[in-house]
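Colleague: Next up is a structure, given as structure tokens.
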Amino acid sequence: MAQMTSFISADELRTEFALAMSKMYKEEVPLYGDLVKIVHDINAATVLQTTNTDPIPDTVALEASTERLTLERHGAIRLGTPYELQTVRRIFAVLGMQPMGYYDLSVAGLPMHATCFRPREISSLDRNPFRVFTTLLRPELLASETAREQALGLLEQRRIFTDRLLDLLTIAEAQGTRLTNEQAKTFIPEALLSFSWRSLAAATFDQYQALRDEHPILADIACFQSAHINHLTPRTLNITAVQAAMQSAGMAVKSRIEGPPLRKCPILLRQTSFLALQEMVHFKASPKSDGTELIRGSHTARFGEIEERGAAVTPKGRELYDKLLRESMAKSAGADLQDVDAIVADVFKQYPDDWTELRQQGLIYCEYRCINKKGRDELRWNETASVLEQLIAEGFVEASPITYEDFLPFSAAGIFQSNLRSQDKAENPLGLQRGTADPEGLARALQEAPMDIDEWYWRVQRQSLELFTSVLVTEVS
Ligand code: OOG
Ligand code: NI
């Protein structure tokens, strides 16, 4: 009898890939290894503290399984062409990661837009929520024609995927987007090569300088032989504590935490980073040179970042967040850096900070679960409140906020700025026009429209409601 071929599950392959990437990045950027250690220690202490406290105070981060937390990372890559994006999409599909959301980075003066590849099934997110924030260059936004031509010329020539990797992708697709255990053993290192650091640049020193003078991001995207991953971010349950520990470990931490201020009920995402490292690079002396004569230089783009995740907010909740963020920015313009946090905290007093209130005002998404703590006879119906709210009040149903699994473009922009030294230039160095979002352009380049972020949370909430309605019908009737 023929032996059954056994395939590795996408969840398992993603975990192996993420672990291999983490190992690679630790070797490339040893400070990342130190950061992961700090985060693990603080997470363990936070978990211990919350399990010792009863009831769990709502000042702690949202729950996450220890398995998930230990593995949880997001990375970021910057791609130059639609071909690169399409191929990366094929790689991530094998790892069970699909494009989610559209991020317009032109709002921060960057000639790029982005999506995030991540799992879409809750069970897969629980196993390993590995995500990769993936940006794509928008050459049409570059003001300088010379810079555009030079960047596109370099990108046209580079090959960031090996032939073996491309073959394996074709094989995986013919097998139903999956690989055998044997194939996976080759796939992981071959795929990792596309995202590894190469100190021999694809550009000459002059080309690199010309692009860097136009914008540092352009040099980072176009001058190298790979789409090197530029950071890998562990998730912490207490970003304030990790930030302090990073400072005492002597890391050059960014001055402010991006995202909402410290709250009792965390929402969205808070992030901070330590500044980019200077890495040694060898450049070819001229485009035609055989590489015997090299010029030594350096490049600054890669960094370390941490994040604390809170509840996903509804469009109404997001609108309030964006409004308060704008108000905070206007009020803190010109203020001393150390006063900014207090100003932001003050403005954000307008954002409810109680889970029940947040839910009742429709500001957050929740998952609903039937817990049925009481007997049916004890249920006292009240004509005015909604059925759902009464079921929650009477202990039949439990509502838990859904964790925000995505990103924030303004925070991303803040992280970009602090790591590219572009603060040396004016805020909008390329003179980009605001409001030039092009989601159709990204979908064309990707050959697929990323899923709408709100639709995803709405579906998760909806599915939980459907599930408990069927439980309720069997149990209460
Ligand atoms: C991506 C920055 C975005 C985040 O956490 O918001 C990001 C980049 O620097 O390429 O990773
Ligand atoms: Ni990041």
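Colleague: Among the residues of the stretch 202-216, write down those that are within 21 Å of Val29 (Cβ to Cβ) and buried (at least 23 other Cβ atoms within 10 Å of the Cβ).
Modeller: If the condition is that a residue be within 21 Å of Val29 (Cβ to Cβ) and buried (at least 23 other Cβ atoms within 10 Å of the Cβ), then Tyr208 is the only one that fits.
Colleague: Counting only residues that are among the aromatic types (Phe, Trp, Tyr) and within 24 Å of Leu408 (Cβ to Cβ), which one in the stretch 450-468 is most open to solvent (accessible area, probe 1.4 Å)?
Modeller: Here is the first cut: in the stretch 450-468, the ones among the aromatic types (Phe, Trp, Tyr) are 456-458, 468.
Subsequent filtering for residues that are within 24 Å of Leu408 (Cβ to Cβ) retains 456-458.
Details: Trp456: 12, Tyr457: 2, Trp458: 130 Å².
The residue in question is Trp458.
Colleague: Here are some conditions: (1) out of contact with any helix residue (DSSP H, G or I) (no Cβ under 6 Å at 6 or more places or on another chain); (2) modelled with pLDDT of 90 or more; (3) more than 16 Å from ligand 2 (Cβ to nearest atom). Lys26 meets all but one. Which one does it not meet?
Modeller: Single failed check for Lys26: (1).
Colleague: Got a number for residues in the stretch 74-108 being open to solvent by 10 Å² or more (accessible area, probe 1.4 Å), touching a Pro at 6+ places or on another chain (Cβ under 6 Å) and within 16 Å of ligand 2 (Cβ to nearest atom)?
Modeller: 0
Colleague: Another one. Evaluate the stretch 357-370: report whether one residue or more is out of contact with any Pro (no Cβ under 9 Å at 6 or more places or on another chain), assigned to a loop (DSSP other than H, G, I, E, B) and at pLDDT below 95.
Modeller: no
Colleague: Still on this model: What is the number of the single condition among (1) in contact (Cβ under 8 Å) with a residue 40 or more places away in the chain; (2) away from ligand 1 (no atom under 16 Å from the Cβ); (3) not hydroxyl-bearing (Ser, Thr, Tyr) that Glu145 does not meet?
Modeller: Just one mismatch for Glu145, condition (1).
Colleague: Something else now. Of all residues being in a loop (DSSP other than H, G, I, E, B), at pLDDT below 85 and within 16 Å of ligand 1 (Cβ to nearest atom) in the stretch 388-428, which is surrounded by the most Cβ atoms within 10 Å (Cβ to Cβ)? Just the residue, please. Full working, then the answer.
Modeller: Our first condition is that a residue be in a loop (DSSP other than H, G, I, E, B); within the stretch 388-428, this holds for 394-396, 402, 404-408, 420-421, 425-428.
Filter once more, keeping what is at pLDDT below 85: 394-396, 420-421, 425-428.
Imposing the further condition that a residue be within 16 Å of ligand 1 (Cβ to nearest atom) reduces the set to 420-421.
Working: Leu420: 22, Arg421: 14.
Here the answer is Leu420.
Colleague: Now, a different point. Quick one: which strands (runs of 3 or more DSSP E) sit completely within the stretch 261-351 and have at least 1 residues that are of a type in the set (S, T, N, Q)?
Modeller: Working: elements: 269-274, 278-284, 294-300, 304-309.
It comes to 269-274, 278-284, 294-300.
Colleague: (1) at pLDDT below 95; (2) touching a strand residue (DSSP E or B) at 6+ places or on another chain (Cβ under 8 Å); (3) within 18 Å of Phe407 (Cβ to Cβ): which one isn't true of Glu279, the others all being true?
Modeller: Only one criterion is unmet by Glu279, namely (3).
Colleague: Please go through the stretch 287-301 and give me each residue that is touching a residue at least 60 places away in the same chain (Cβ under 8 Å) and exposed (fewer than 10 other Cβ atoms within 10 Å of the Cβ), ordered by number.
Modeller: Gly291
The values are calculated or read from the model by the stated rules, or taken from the named source; none is laboratory data. Model, not experiment: these values are computed from the prediction. Don't worry about glycine lacking a Cβ; one is built from the backbone with ideal geometry, like all the others, and counts go over all protein chains shown. SASA here: full protein model, heavy atoms, side chains in, ligands and nucleic acids out. Shrake-Rupley method; radii C 1.70, N 1.55, O 1.52, S 1.80 Å.
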